[in-house]
1. Using 0.36 nm per residue, how much length does the chain from LEU47 to GLU78 gain when fully extended, once their Cα-Cα distance is taken away?
2. Need the full-extension length gain, MET211 to ASP146, defined as separation in residues times 0.36 nm minus the C-alpha distance. One decimal, nm.
3. If packing is taken as the average number of other Cβ atoms within 10 Å across a peptide's residues, how do 171-181, 29-39 rank, most packed first?
4. Mind giving me the nanometre distance, one decimal, between the label points for PHE11 and GLU135, set 7 Å out from Cα along Cα→Cβ?
5. Given +1 on the Cβ of Lys and Arg, -1 on the Cβ of Asp and Glu, and no further charges, what dipole in debye does the chain carry about its Cα centre, rounded to the nearest 20?
6. From the square roots a ≥ b ≥ c of the eigenvalues of the alpha-carbon gyration tensor of the chain, which class results: rounded (a/c under 1.5), prolate (a/b over b/c), or oblate?
7. Round to the nearest 0.05 the FRET efficiency obtained for SER153 and GLN85 when R0 = 22 Å and r is the Cβ-Cβ distance.
8. Between LYS92 and GLU28, how many nm apart are label points set 7 Å from Cα along the C-beta direction?
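Only the coordinates and a few stated rules stand behind these numbers; no lab work does. All values derive from a computational prediction rather than experimental measurement. Cβ coordinates were reconstructed from backbone atoms using ideal geometry, including for glycine residues, and neighbour counts include every protein chain displayed.
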Amino acid sequence: MAVLKVHGSPFSTAAMRVVAVLYEKGLEFEFVPIDMKAGEHKSEAFLALNPFGQVPAFEDGDLKLFESRAITQYIAHEYASKGTQLICPDSKKMAIMSVWMEVEAHQYDPHAGKLCFELFFKAKFGMTTDPAAVEDLEGKLGKVLDVYEARLSQSKYLGGDCFGLADLHHLPTLHYLLGTSAKKLFDSRPHVSAWVVDITARPAWAKVIAMQKS
Ligand SMILES: N[C@@H](CCC(=O)N[C@@H](CS)C(=O)NCC(=O)O)C(=O)O
């Protein structure tokens with residue numbers, strides 16, 4: 001098997017998403033650190049891997065991919081027989097999981113990602129958080145989480161009965177938001193809260209977090 005390579009930063013939510021899948025699958029991979037502070041993601045060498053100059057980029061032999069959710073889906077399909085099954089063989093069940101993967105990407109992440117920036121990354125980079133933006137984003141994310149609360153009162157996981165890609169895709173932004181005032185949005189919704197506790201306790205996720213400390 002070719003060496004799988006992830007190019008990125010262990011602090012990038014999109015790179016963390018890909019690494020989480022690799023650990024769930026128990027696959028060996030090389031993590032190639034990209035020095036984003038130095039602008040390495042805009043270098044000619046990196047642009048050859050991702051013309052948008054964003055991490056992560058991924059290689060499986062001759063196959064080169066970017067866009068974290070496309071990468072996770074490739075890994076889950078290509079290595080379906082390894083580790084945790086993150087997709088459903090049944091096409092109708094998979095369609096439901098796909099709905100919730102789309103929900104994460106298009107309903108949840110736009111607000112969650114901006115909140116991570118306001119509440120976590122701005123503080124990390126010595127920038128000033130905008131309280132009006134936080135209030136607006138928390139209101140918008142809360143409305144999305146009301147839909148999650150209803151879904152999770154009927155289904156243990158977003159995509160169905162088992163943990164899968166639809167759940168996993170949330171882990172990176174959850175990780176940052178749980179360390180901020182936005183935690184209350186998750187804690188105040190009982191089914192969402194139980195789901196968060198469950199999916200953040202996965203051993204594979206602990207390995208992703210450990211990469212930030214090494
Ligand atoms: N939709 C892309 C988003 C990738 C992305 O936004 N990466 C961020 C880090 S999490 C990045 O490289 N930002 C630097 C930039 O946009 O210049 C994916 O999921 O892979």
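1. Between LEU47 and GLU78, full extension yields an extra 8.7 nm.
2. On the way: separation 65, 0.36 × 65 = 23.40 nm, distance 3.23 nm.
Working it through step by step, the gained length comes to 20.2 nm.
3. Order by mean packing, descending: 171-181, 29-39.
4. Each label point lies 7 Å from its Cα, and together they span 2.9 nm.
5. Details: 23 positive and 26 negative charges, 75 e Å.
Value, rounded to 20: 360 debye.
6. Details: a/c = 1.86, a/b = 1.11, b/c = 1.67.
In terms of gyration-tensor shape, oblate.
7. Numbers: r = 24 Å, r/R0 = 1.10.
The formula returns an efficiency of 0.35 here.
8. In this crude spin-label approximation the distance works out to 4.2 nm.
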